[in-house]
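Asks: Structure below; questions to follow.
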Amino acid sequence: MKRKIITLATLVLAWLPLGLLAQIDHLVFVEVVLQPSDGEYVRIENPTSQSVNLSNYYLTDATDHTTGKYYYNLPSGADYWSGGSTDFIVRFPDQDLAPGAVLVVGLSTASRYQTAYGSLPDLALKEDLLPAETGETTIGGAPYGFLGNASETLVLFAWDGSSAVVQDVDYLIWGNTDFAVDKTGVGSYLPDTPIANQSAAPIHLDGEKLIRAANNEGAEVSTGGNGITGHDETSEDLANTWVVATLSVTKPVISNIQTSPANPTPDDPLTVSATVVDTSGLATVDLYYIFAGDTSTLAMTNTGGDTYSAQIPAIGAEGQLGFYVLATNTSSISTKSNTNGITIAEPPEALTIGTVRQNIDDYVGQNITFNAVVTIGSGVIRTDRTSMYIQDGSGFGINLNQAGLLNPPLVRGDSVQVTGVVDVYVSSSTGDETVQLSGFTYTLLAQDRPIPLVRSIDVTQLNTLVYEGSFVKMSGVVTSRSDDIGGGSNIILEDASGATTVRVWDTTNMLDDPTADSLLQVGMIVEIGGIGSSYREEGQLLAAYPQDVREKPEGEAGTGATTLRVRPYPFVPQLGERIQYTYSFPAYSRITLRIFDASGRHIITLFDDFRPLALEKTEYWNGRDATNAIVPAGTYLMHLETVNRNTGERASDMAPVVIGTRLK
């Protein structure tokens, strides 16, 4: 007969809509022992996500239809309990019941409970629970046996001490409806379910107990009732939501629910795992997930020990995903976890060094993480502390600075994830600023990676200091070199827009390399890579590795023709404008490129030298004459002449150049 009861409950639960399996929003009874008399207890669970303070919560079995004594009369101060020797109406002490926690109340003394079960209850009726009214005795004199084995009522309710009504929290009757309660028409109470329509839980024998079959209240009406959350607690179909089980049977316990990845995107499958424990053995563990109003179910598989997991396929859209675990044991008793939520969203754009540098005031003092590649390793520029550089996909870099040297050192090409505090170091002697990460930590991700997005810039761009900390390339002519200057060498590199200093510290040993040393001699035309820096607020390039310098051809390979092209529009030198021109010449020729005014007067020679290779070069004229004075507005003639040294063959080309004037 008892097995039929369990099966009936299982069948009813199977067809309940998912909405009725929603998490309960108030405290509930989950186990009750009616006999033997000295082993009576009740387990109360907090299935909500919030801690509940019990100081205004009450527990009673004192329903007396004969004398008209009912718990709901407590606000009036009269007729609220029967006074019977095996009846009680008590208030809980001031303590909290945490989310998911269970409170065991022994319905006698702690020692009697311990004798029956080998452990102490959380609270004992005779020793820990308080009278419903201070100064009154509201616990019957019987030493034990408070719950009727065949029929009775047990009510958990709340009262704030001043309201005209109490609030039902959970309501349980068993055996029959002889002790059922109906508050319809009483004072300000809302209607309850008529007693004739109320459902009673089954009863049990010694060695058994009543247990709530699942974390739900079945078809209980959830609105318009006297419950603490608006439920009609008297409407629960107790015959189906409660079952009889042996004392050793417990509800499955679900804990440690985890998801991977922690921040899923629409393209990521989501793995959900949970720890599920049950004393009698598990029958099924299922994962329910809800997205965009649709609910799906997956069977969770045991992946070792008490861990179960299932993988939700990639959702394919952004939104909020809800999920919960439902575990059922071999005694057909179920537990449902809290419903969890996780956001499915596209990952945020990674913060780049370029973004931080462009908005530096917003990031100073913040702890920031970058994924980047080492451009100058630790122990290269300085050997007394760490001063190194990294660069990310934005094409901008930053200094890493802290006391001590890294061991092992990070070297160029190491791909790293670096976290540190953004700050701006200002030199007290020169006023130069260095954006850096201080007190950094790092994780090595890979090795031998290329430096991302290396830009080629000129002296004018370097002097803007926009590329401070970034690895860049520059091309030009070495016009001077000074060694043994303050622990390093200063090499002046000049291009069409100006001149700058290439600083090579002795600690780099760069100039010990014969090839690099020979290339960085006066008169050599080179391309060199290094870190944009500054000295006394003028652009400077920090070079550190021999492989970063190479001979730079003056131009692209030419066809051997003598040609000249000038951009066909006026320019205004007074505004700092320049005009671009491109010329080509044959091999083994002397090349002369000059500018004349409209009367044929020579203004300036732009190039006059021998070249063994046929090249095409692009340069700029700044509108100044041989004395560096800006020439007047007007039309000028650029003239190219080539003479082949071997054959004496001459060729020429010319193009007009128009200089405008600044409008006032």
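Every read-out reported here was derived from the displayed coordinates using simple, explicitly stated rules and does not represent laboratory data. Being a predicted model, the structure only gives us computed values, none of them experimental. Please note: Cβ atoms are built from the backbone with ideal geometry, for glycine as well, and neighbour counts cover all protein chains shown.
Asks: Could you give the length gained by full extension between A164 and T430, i.e. 0.36 nm per residue of separation minus their alpha carbon distance, to one decimal place? Before the final figure, lay out the partial values.
Replies: Details: separation 266, 0.36 × 266 = 95.76 nm, distance 7.93 nm.
Once the chain is fully extended between A164 and T430, it gains 87.8 nm.
Asks: Which of the listed residues, A629, G140, L400, is farthest toward the dipole's positive end in the chain, when Lys, Arg count +1 and Asp, Glu count -1 at the beta-carbon?
Replies: Most positive-ward Cα: A629.
Asks: Further question: Using a Förster distance of 25 angstrom, determine the FRET efficiency expected from the C-beta separation of T582 and R650, and round it to 0.05.
Replies: Calculated value: 0.75.
Asks: Now a separate question. Need the C-alpha centroid separation for the range 475-544 versus the range 339-399, integer Å.
Replies: 27 Å
Asks: Turning to a different aspect of this structure: Which order do the peptides 442-455, 320-333, 217-230, 136-149 take when ranked by the mean count of other beta-carbon atoms within 10 Å per residue, highest first?
Replies: 320-333, 217-230, 136-149, 442-455
Asks: Assuming 0.36 nm per residue, please report the length gained on full extension of the stretch L406 to D384 beyond their Cα-Cα distance.
Replies: Between L406 and D384, full extension yields an extra 6.8 nm.
Asks: Would you please classify the overall shape of the chain from the alpha carbon gyration tensor, given that a ≥ b ≥ c denote the square roots of the eigenvalues, rounded means a/c under 1.5, and beyond that prolate means a/b larger than b/c while oblate covers the rest?
Replies: Taking the square roots of the gyration eigenvalues as a ≥ b ≥ c, the chain is prolate.
Asks: Now for a different question. Apply the Karplus curve 6.51 cos²θ - 1.76 cosθ + 1.60, θ = phi - 60°, to the phi angles in the range 384-393 and return the couplings in whole Hz, x for Gly and Pro.
Replies: Computed from phi, the couplings for the range 384-393 are 9, 6, 8, 9, 9, 9, 10, 8, 10, x Hz.
Asks: For the Cα atoms of the chain, what angle does the longest principal axis make with the long axis of helix 2-15, in degrees from 0 to 90, nearest 10?
Replies: Around 40 degrees separate the two axes.
Asks: Towards the positive end of the charge dipole of the chain, with charges on Cβ (+1 Lys, Arg; -1 Asp, Glu), say which of Y71, P409, L156 has the farthest Cα.
Replies: The residue sitting most towards the positive pole is P409.
Asks: Give, as a single signed number, the net charge of other residues whose beta carbon lies under 13 Å from the beta carbon of L564, with Lys and Arg counted +1 and Asp and Glu -1.
Replies: 0
Asks: Additional query: At 7 Å along Cα-to-Cβ for each site, give me the label-to-label distance between N176 and T460 in nm.
Replies: 10.4 nm
Asks: Explain nothing, just the number: dipole magnitude of the range 556-659 about its Cα centre with +1 on each Lys and Arg Cβ and -1 on each Asp and Glu Cβ, in debye rounded to the nearest 20.
Replies: So the magnitude is around 40 debye.
Asks: Right, something else. Could you put H204, H65 in order, starting from the residue whose Cβ has the fewest other Cβ atoms within 10 Å?
Replies: If I rank by nearby Cβ atoms, fewest first, I get H65, H204.
Asks: Per-residue HN-Hα couplings for the range 562-574, Karplus 6.51 cos²θ - 1.76 cosθ + 1.60 at θ = phi - 60°, whole Hz, x for Gly and Pro?
Replies: 9, 9, 9, 10, 10, 4, x, 8, x, 9, 10, x, 4
Asks: Which one of G558, G530, G304 is farthest out on the positive end of the charge dipole of the chain, using unit charges on Cβ (Lys, Arg +1; Asp, Glu -1) and the Cα centre as origin?
Replies: G558
Asks: Between V253 and Q114, what's the calculated FRET efficiency when r is the beta-carbon distance and R0 is 25 Å? Round to 0.05.
Replies: After rounding to 0.05, the efficiency reads 0.65.
Asks: Let me ask you something else. Peptides 626-635, 583-592: what's the order by average Cβ count within 10 Å, highest mean first?
Replies: Ranked by mean Cβ neighbours within 10 Å, highest first: 583-592, 626-635.
Asks: For L97, which sequence-distant residues (separation of 5 or more, or a different chain) have an amide H within less than 5 Å of its own amide H, given hydrogens modelled in the peptide plane?
Replies: Result for L97 returns V52, N53, L54.
Asks: With +1 assigned to the C-beta of every Lys and Arg and -1 to the C-beta of every Asp and Glu, and no other charges, what is the dipole magnitude of the range 2-246 about the Cα centre in debye, to the nearest 20?
Replies: In total the dipole reaches around 560 debye.
Asks: Please give the length that would be gained between S49 and V421 if that part of the chain were fully extended, namely 0.36 nm times their separation in residues minus their C-alpha to C-alpha distance (nm, one decimal).
Replies: Answer, rounded to one decimal: 130.3 nm.
Asks: Using the Cα centre of the chain as the reference point, and only Cβ charges (+1 on K/R, -1 on D/E), how large is the resulting charge dipole? Debye, rounded to the nearest 20. Don't jump to the answer; show the numbers that get you there.
Replies: On the way: 38 positive and 76 negative charges, 532 e Å.
Value, rounded to 20: 2560 debye.
Asks: Let me ask another. Determine, for each peptide in 51-57, 206-212, the mean count of other beta carbons within 10 angstrom over its residues, then list the peptides with the highest first. Each step should come with its number before you reach the end.
Replies: Working: 51-57: 16.7, 206-212: 20.0.
Descending mean neighbour count gives 206-212, 51-57.
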